[in-house]
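For reference, the structure is listed below as C-alpha coordinates.
The values are calculated or read from the model by the stated rules, or taken from the named source; none is laboratory data. Predicted model only: the values in this text are computed from it and were never measured. All Cβ positions, glycine included, derive from the backbone under ideal geometry; neighbour counts span all protein chains shown. The protein model used for the area step is the full one, side chains on, heavy atoms only, and it has no ligands, DNA or RNA in it. Shrake-Rupley method; radii C 1.70, N 1.55, O 1.52, S 1.80 Å.
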Amino acid sequence: MILGSHVKMSGKKMMLGSVEEALSYGANTFMIYTGAPQNTRRRKIEELKIPEALELMKAHNIDVNNVVIHAPYIMNLANPSLEKRQFAIDFLTSEIERSAAMEATQIVLHPGSAVGLDREEAIRWIGEGLNKVIANTKDLKVKIALETMAGKGNEVGRTFEELKAIIDLVADKTRVSVCFDTCHTHDSGYDIKENFKGVLEEFDKVVGKKYLSVFHINDSKNIKGARKDRHENLGFGEIGFKALVDIIYDEEFKAIPKILETPYIGDNPPYKEEIEMIKNRRFESDLKTKLLKQEGE
Ligand code: FE
Ligand code: FE
Ligand code: ZN
(Lines give C-alpha, C1' and ligand atoms only; values in the text may rest on other atoms or scores of the structure.)
(Ligands and ions follow the chains in the order given, each with its own letter.)
Protein backbone atom coordinates (compact mmCIF):
# COMPACT_ATOMS: atom_id res chain seq x y z
CA MET A 1 0.00 0.00 0.00
CA ILE A 2 1.40 3.39 -0.98
CA LEU A 3 -0.18 5.80 1.43
CA GLY A 4 0.51 9.33 2.60
CA SER A 5 -0.98 12.77 2.92
CA HIS A 6 -0.29 16.24 1.75
CA VAL A 7 2.45 17.78 3.88
CA LYS A 8 3.91 21.25 4.25
CA MET A 9 7.00 22.49 2.48
CA SER A 10 8.13 25.62 4.26
CA GLY A 11 10.67 27.27 6.54
CA LYS A 12 14.37 26.48 6.28
CA LYS A 13 13.97 22.74 5.85
CA MET A 14 11.64 22.90 2.86
CA MET A 15 11.47 19.45 1.16
CA LEU A 16 13.54 17.86 3.94
CA GLY A 17 10.85 19.01 6.39
CA SER A 18 8.18 17.53 4.12
CA VAL A 19 9.84 14.10 4.29
CA GLU A 20 10.21 14.37 8.08
CA GLU A 21 6.53 15.26 8.38
CA ALA A 22 5.49 12.30 6.18
CA LEU A 23 7.64 9.92 8.24
CA SER A 24 6.08 11.23 11.46
CA TYR A 25 2.70 10.08 10.13
CA GLY A 26 3.95 6.58 9.29
CA ALA A 27 3.46 7.36 5.60
CA ASN A 28 5.49 5.95 2.73
CA THR A 29 4.70 8.77 0.32
CA PHE A 30 3.48 12.38 0.42
CA MET A 31 2.16 15.26 -1.65
CA ILE A 32 3.48 18.82 -1.59
CA TYR A 33 2.72 22.17 -3.07
CA THR A 34 5.93 23.81 -4.20
CA GLY A 35 4.79 26.91 -2.28
CA ALA A 36 1.51 28.45 -1.09
CA PRO A 37 -1.25 27.08 -3.37
CA GLN A 38 -2.98 30.44 -3.52
CA ASN A 39 0.02 32.41 -4.79
CA THR A 40 2.91 32.05 -7.21
CA ARG A 41 5.81 33.15 -5.05
CA ARG A 42 8.29 30.29 -5.09
CA ARG A 43 11.71 29.66 -3.55
CA LYS A 44 14.66 28.92 -5.78
CA ILE A 45 15.29 25.25 -6.54
CA GLU A 46 18.66 25.47 -4.74
CA GLU A 47 16.85 26.46 -1.53
CA LEU A 48 14.48 23.48 -1.47
CA LYS A 49 16.91 21.08 0.31
CA ILE A 50 16.30 18.45 -2.35
CA PRO A 51 19.47 16.33 -1.94
CA GLU A 52 18.94 16.12 1.85
CA ALA A 53 15.28 15.18 1.31
CA LEU A 54 16.14 12.46 -1.23
CA GLU A 55 18.75 11.02 1.10
CA LEU A 56 16.29 10.80 4.00
CA MET A 57 13.70 9.22 1.70
CA LYS A 58 16.19 6.60 0.61
CA ALA A 59 17.06 5.76 4.21
CA HIS A 60 13.36 5.17 4.94
CA ASN A 61 12.34 3.44 1.72
CA ILE A 62 10.18 6.23 0.37
CA ASP A 63 10.27 5.76 -3.39
CA VAL A 64 10.58 9.16 -5.04
CA ASN A 65 8.51 7.83 -7.95
CA ASN A 66 5.50 7.85 -5.62
CA VAL A 67 5.91 11.46 -4.51
CA VAL A 68 3.20 13.76 -5.83
CA ILE A 69 3.37 17.51 -6.45
CA HIS A 70 0.24 19.69 -6.59
CA ALA A 71 0.06 22.77 -8.80
CA PRO A 72 -1.44 25.95 -7.26
CA TYR A 73 -5.13 26.77 -7.76
CA ILE A 74 -4.71 30.32 -8.93
CA MET A 75 -3.65 29.65 -12.48
CA ASN A 76 -6.31 28.83 -15.05
CA LEU A 77 -5.38 27.45 -18.45
CA ALA A 78 -8.99 28.20 -19.50
CA ASN A 79 -8.99 31.90 -18.67
CA PRO A 80 -10.59 33.89 -21.51
CA SER A 81 -7.78 36.45 -21.21
CA LEU A 82 -4.90 35.50 -23.49
CA GLU A 83 -2.48 37.16 -21.10
CA LYS A 84 -3.74 35.13 -18.14
CA ARG A 85 -3.62 31.91 -20.12
CA GLN A 86 -0.01 32.67 -21.00
CA PHE A 87 0.74 33.30 -17.33
CA ALA A 88 -0.74 29.89 -16.48
CA ILE A 89 1.37 28.22 -19.18
CA ASP A 90 4.56 29.91 -17.95
CA PHE A 91 3.88 29.15 -14.32
CA LEU A 92 2.93 25.52 -14.90
CA THR A 93 6.11 25.16 -16.97
CA SER A 94 8.20 26.38 -14.04
CA GLU A 95 6.27 24.14 -11.62
CA ILE A 96 7.12 21.13 -13.78
CA GLU A 97 10.77 22.16 -13.78
CA ARG A 98 10.65 22.33 -9.97
CA SER A 99 8.88 18.94 -9.82
CA ALA A 100 11.57 17.38 -12.03
CA ALA A 101 14.30 18.88 -9.85
CA MET A 102 12.63 17.15 -6.88
CA GLU A 103 12.64 13.94 -8.99
CA ALA A 104 8.86 13.69 -8.69
CA THR A 105 7.05 11.90 -11.51
CA GLN A 106 3.69 13.68 -11.44
CA ILE A 107 2.05 17.02 -10.74
CA VAL A 108 -1.67 17.23 -10.01
CA LEU A 109 -3.53 19.99 -11.82
CA HIS A 110 -7.08 21.27 -11.49
CA PRO A 111 -7.84 21.39 -15.22
CA GLY A 112 -9.32 24.88 -15.16
CA SER A 113 -12.43 26.96 -14.76
CA ALA A 114 -14.75 27.97 -17.59
CA VAL A 115 -15.05 31.57 -16.46
CA GLY A 116 -16.08 32.46 -19.99
CA LEU A 117 -18.92 29.94 -19.46
CA ASP A 118 -18.35 28.15 -22.77
CA ARG A 119 -17.11 24.77 -21.60
CA GLU A 120 -16.08 23.54 -25.03
CA GLU A 121 -13.93 26.58 -25.57
CA ALA A 122 -12.48 26.16 -22.07
CA ILE A 123 -11.54 22.57 -22.89
CA ARG A 124 -9.87 23.68 -26.13
CA TRP A 125 -7.84 26.26 -24.24
CA ILE A 126 -6.81 23.72 -21.63
CA GLY A 127 -5.68 21.31 -24.35
CA GLU A 128 -3.78 24.07 -26.11
CA GLY A 129 -2.14 25.19 -22.86
CA LEU A 130 -1.13 21.66 -21.90
CA ASN A 131 0.48 21.13 -25.30
CA LYS A 132 2.51 24.30 -24.87
CA VAL A 133 3.57 23.37 -21.35
CA ILE A 134 4.54 19.87 -22.48
CA ALA A 135 6.52 21.30 -25.41
CA ASN A 136 8.29 23.69 -23.00
CA THR A 137 9.32 20.73 -20.85
CA LYS A 138 9.80 18.12 -23.55
CA ASP A 139 12.93 16.63 -21.97
CA LEU A 140 11.22 16.10 -18.61
CA LYS A 141 9.24 13.02 -17.73
CA VAL A 142 6.82 14.59 -15.23
CA LYS A 143 3.19 13.69 -15.93
CA ILE A 144 0.40 16.23 -15.53
CA ALA A 145 -2.32 14.46 -13.53
CA LEU A 146 -5.68 16.10 -14.30
CA GLU A 147 -7.82 15.98 -11.19
CA THR A 148 -11.43 14.81 -11.21
CA MET A 149 -13.30 17.89 -9.96
CA ALA A 150 -16.40 18.29 -7.77
CA GLY A 151 -18.01 20.63 -10.30
CA LYS A 152 -18.41 23.65 -8.05
CA GLY A 153 -18.71 26.93 -9.92
CA ASN A 154 -17.49 26.52 -13.48
CA GLU A 155 -14.86 23.87 -12.81
CA VAL A 156 -13.88 21.83 -15.83
CA GLY A 157 -13.25 18.13 -15.22
CA ARG A 158 -16.39 17.29 -13.25
CA THR A 159 -17.18 14.38 -15.59
CA PHE A 160 -14.99 11.66 -17.02
CA GLU A 161 -16.11 12.82 -20.47
CA GLU A 162 -14.58 16.26 -19.89
CA LEU A 163 -11.29 14.74 -18.77
CA LYS A 164 -11.32 12.49 -21.82
CA ALA A 165 -11.98 15.50 -24.09
CA ILE A 166 -8.92 17.24 -22.63
CA ILE A 167 -6.70 14.17 -22.93
CA ASP A 168 -7.81 13.75 -26.55
CA LEU A 169 -6.36 17.17 -27.31
CA VAL A 170 -2.95 16.43 -25.77
CA ALA A 171 -0.42 15.43 -28.43
CA ASP A 172 1.97 13.55 -26.14
CA LYS A 173 -0.26 11.25 -24.11
CA THR A 174 2.70 9.88 -22.15
CA ARG A 175 2.67 13.21 -20.28
CA VAL A 176 -0.96 13.21 -19.04
CA SER A 177 -2.74 11.13 -16.44
CA VAL A 178 -5.64 11.43 -14.01
CA CYS A 179 -5.84 12.08 -10.28
CA PHE A 180 -8.99 10.43 -8.90
CA ASP A 181 -10.28 12.41 -5.90
CA THR A 182 -12.88 10.43 -3.92
CA CYS A 183 -14.58 13.52 -2.43
CA HIS A 184 -14.73 15.23 -5.81
CA THR A 185 -16.13 12.27 -7.78
CA HIS A 186 -18.75 11.72 -5.06
CA ASP A 187 -19.65 15.43 -5.03
CA SER A 188 -19.91 15.51 -8.81
CA GLY A 189 -22.43 12.66 -8.68
CA TYR A 190 -20.57 9.35 -9.08
CA ASP A 191 -21.71 6.63 -6.68
CA ILE A 192 -18.32 5.58 -5.35
CA LYS A 193 -19.87 4.74 -1.96
CA GLU A 194 -22.16 1.97 -3.17
CA ASN A 195 -20.64 1.16 -6.54
CA PHE A 196 -16.93 2.00 -6.83
CA LYS A 197 -16.38 -0.92 -9.22
CA GLY A 198 -19.14 0.36 -11.50
CA VAL A 199 -17.74 3.89 -11.43
CA LEU A 200 -14.32 2.54 -12.28
CA GLU A 201 -15.77 0.55 -15.15
CA GLU A 202 -17.31 3.72 -16.48
CA PHE A 203 -14.01 5.54 -16.02
CA ASP A 204 -12.29 2.77 -17.94
CA LYS A 205 -14.79 2.97 -20.77
CA VAL A 206 -14.61 6.75 -21.06
CA VAL A 207 -11.00 7.60 -20.17
CA GLY A 208 -9.09 4.34 -19.63
CA LYS A 209 -7.87 2.96 -16.31
CA LYS A 210 -4.30 3.11 -17.51
CA TYR A 211 -4.45 6.89 -17.08
CA LEU A 212 -4.98 6.65 -13.31
CA SER A 213 -1.78 7.72 -11.57
CA VAL A 214 -2.86 8.89 -8.09
CA PHE A 215 -5.85 8.82 -5.74
CA HIS A 216 -6.83 11.62 -3.39
CA ILE A 217 -8.57 9.92 -0.48
CA ASN A 218 -11.09 12.18 1.26
CA ASP A 219 -14.48 11.76 2.80
CA SER A 220 -17.09 14.40 1.88
CA LYS A 221 -19.19 16.71 4.05
CA ASN A 222 -21.91 16.72 1.40
CA ILE A 223 -24.25 14.29 -0.27
CA LYS A 224 -23.51 12.70 -3.63
CA GLY A 225 -23.95 15.18 -6.46
CA ALA A 226 -23.83 18.26 -4.20
CA ARG A 227 -21.01 19.81 -6.26
CA LYS A 228 -19.56 21.41 -3.16
CA ASP A 229 -16.00 20.10 -2.66
CA ARG A 230 -15.77 20.14 1.12
CA HIS A 231 -13.46 17.42 2.39
CA GLU A 232 -14.20 15.50 5.58
CA ASN A 233 -12.09 13.22 7.78
CA LEU A 234 -12.23 9.52 6.95
CA GLY A 235 -15.44 7.94 8.19
CA PHE A 236 -17.00 11.23 9.32
CA GLY A 237 -18.63 12.08 6.01
CA GLU A 238 -21.12 10.92 3.41
CA ILE A 239 -18.82 8.39 1.74
CA GLY A 240 -17.92 6.59 4.94
CA PHE A 241 -14.96 4.61 6.21
CA LYS A 242 -15.74 1.25 4.65
CA ALA A 243 -16.10 2.51 1.08
CA LEU A 244 -12.87 4.51 1.35
CA VAL A 245 -10.88 1.65 2.85
CA ASP A 246 -12.16 -0.69 0.14
CA ILE A 247 -10.85 1.75 -2.48
CA ILE A 248 -7.49 2.04 -0.71
CA TYR A 249 -7.11 -1.75 -0.48
CA ASP A 250 -8.28 -2.44 -4.05
CA GLU A 251 -5.66 -4.87 -5.45
CA GLU A 252 -5.92 -3.37 -8.91
CA PHE A 253 -4.58 -0.01 -7.76
CA LYS A 254 -2.08 -1.30 -5.24
CA ALA A 255 0.86 0.39 -6.97
CA ILE A 256 -0.84 3.79 -7.19
CA PRO A 257 -0.19 6.37 -4.46
CA LYS A 258 -3.12 7.28 -2.17
CA ILE A 259 -2.94 10.76 -0.70
CA LEU A 260 -5.09 12.05 2.18
CA GLU A 261 -6.25 15.66 1.95
CA THR A 262 -8.63 15.53 4.87
CA PRO A 263 -9.05 18.65 7.03
CA TYR A 264 -7.05 19.47 10.15
CA ILE A 265 -8.91 18.92 13.40
CA GLY A 266 -8.50 22.19 15.23
CA ASP A 267 -4.80 22.89 14.68
CA ASN A 268 -3.88 19.21 14.43
CA PRO A 269 -3.14 17.27 11.29
CA PRO A 270 -5.19 14.03 11.44
CA TYR A 271 -2.90 12.03 9.16
CA LYS A 272 -1.00 9.90 11.66
CA GLU A 273 -4.28 8.72 13.17
CA GLU A 274 -6.05 8.31 9.83
CA ILE A 275 -3.15 6.27 8.43
CA GLU A 276 -3.33 4.07 11.52
CA MET A 277 -7.09 3.64 11.08
CA ILE A 278 -6.49 2.59 7.48
CA LYS A 279 -3.73 0.14 8.39
CA ASN A 280 -5.92 -1.38 11.13
CA ARG A 281 -8.99 -1.15 8.93
CA ARG A 282 -10.80 0.15 11.96
CA PHE A 283 -12.71 3.41 12.25
CA GLU A 284 -12.02 5.40 15.43
CA SER A 285 -15.17 7.38 16.08
CA ASP A 286 -13.46 9.40 18.82
CA LEU A 287 -10.67 10.66 16.50
CA LYS A 288 -11.94 14.24 16.50
CA THR A 289 -12.60 14.51 20.22
CA LYS A 290 -9.21 12.93 20.91
CA LEU A 291 -7.29 15.39 18.74
CA LEU A 292 -9.23 18.37 20.06
CA LYS A 293 -8.53 17.30 23.61
CA GLN A 294 -4.79 17.09 22.90
CA GLU A 295 -5.04 20.66 21.73
CA GLY A 296 -6.62 21.80 25.00
CA GLU A 297 -3.86 20.21 27.07
FE1 FE B 1 -6.60 19.20 -5.89
FE1 FE C 1 -7.82 16.55 -4.39
ZN1 ZN D 1 -11.09 19.22 -3.11
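Being open to solvent by 20 Å² or more (accessible area, probe 1.4 Å), touching a residue at least 12 places away in the same chain (Cβ under 8 Å) and of a type outside the set (Lys, Arg) is the filter here; which residues of the range 47-75 pass it?
Selection gives GLU47, GLU52, LEU54, LEU56, HIS60, ASN61, ASP63, VAL64, ASN65, ASN66, TYR73, ILE74.
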Inset, instruction - Determine whether LYS205 is of a type outside the set (A, V, I, L, M), away from ligand 3 (no atom under 16 Å from the Cβ), farther than 24 Å from ILE144 by Cα and assigned to a helix (DSSP H, G or I). - result: no
Requested in this report: Look at GLY235 and say whether it is away from ligand 3 (no atom under 16 Å from the Cβ), outside any helix (DSSP H, G or I), more than 23 Å from LEU109 (Cβ to Cβ) and modelled with pLDDT of 95 or more.
Outcome: yes
Just one listed residue, out of LEU200, LEU212, is within 16 Å of ligand 2 (Cβ to nearest atom), more than 12 Å from THR262 (Cα to Cα), surrounded by fewer than 24 Cβ atoms within 10 Å (Cβ to Cβ) and modelled with pLDDT of 95 or more, and it is LEU212
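How about the range 142-161: which of its residues are of a type outside the set (Asp, Glu), open to solvent by 10 Å² or more (accessible area, probe 1.4 Å) and closer than 21 Å to GLU121 by Cα? Can you show your working first?
Filtering the range 142-161 for residues of a type outside the set (Asp, Glu) gives 142-146, 148-154, 156-160.
Next cut, open to solvent by 10 Å² or more (accessible area, probe 1.4 Å) only: 143, 152-154, 158-159.
Answer for the range 142-161, where residues must be of a type outside the set (Asp, Glu), open to solvent by 10 Å² or more (accessible area, probe 1.4 Å) and closer than 21 Å to GLU121 by Cα: LYS152, GLY153, ASN154, ARG158, THR159.
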How many residues of the range 258-297 are surrounded by fewer than 19 Cβ atoms within 10 Å (Cβ to Cβ) and part of a loop (DSSP other than H, G, I, E, B)? The answer is 12
Reported set for the range 170-179 where residues are within 12 Å of ligand 2 (Cβ to nearest atom) and farther than 14 Å from LEU260 by Cβ is VAL178
Filtering the range 124-158 down to residues that are touching a residue at least 40 places away in the same chain (Cβ under 8 Å) and out of contact with any strand residue (DSSP E or B) (no Cβ under 9 Å at 6 or more places or on another chain) yields ARG124, GLY127, GLU128, ASN131, LYS132, ASN136, THR137, LEU140, LYS141, GLY151, LYS152, ARG158
Listed by first then second residue, the pairs whose first member lies in the range 224-245 and is open to solvent by 30 Å² or more (accessible area, probe 1.4 Å), whose partner is part of a helix (DSSP H, G or I) and more than 15 Å from ligand 2 (Cβ to nearest atom), with beta carbons under 8 Å and at least 6 positions apart or on separate chains, are LYS224/LYS193; PHE236/LEU287; PHE236/LYS288; GLU238/LYS193
The range 1-104: strands (runs of 3 or more DSSP E) wholly inside it with 3 or more residues that are of a type in the set (Gly, Ala, Ser) and closer than 26 Å to LYS279 by Cβ are none
How many residues of the range 162-194 are within 16 Å of ligand 3 (Cβ to nearest atom) and either open to solvent by less than 10 Å² (accessible area, probe 1.4 Å) or part of a helix (DSSP H, G or I) (or both)? The answer is 13
Residue pairs qualifying under the 6 Å Cβ cut-off, at least six apart or on distinct chains, with the first in the range 162-188 being over 28 Å from ALA226 (Cβ atoms) and the second being polar (S, T, N, Q) and within 16 Å of ligand 2 (Cβ to nearest atom), are none
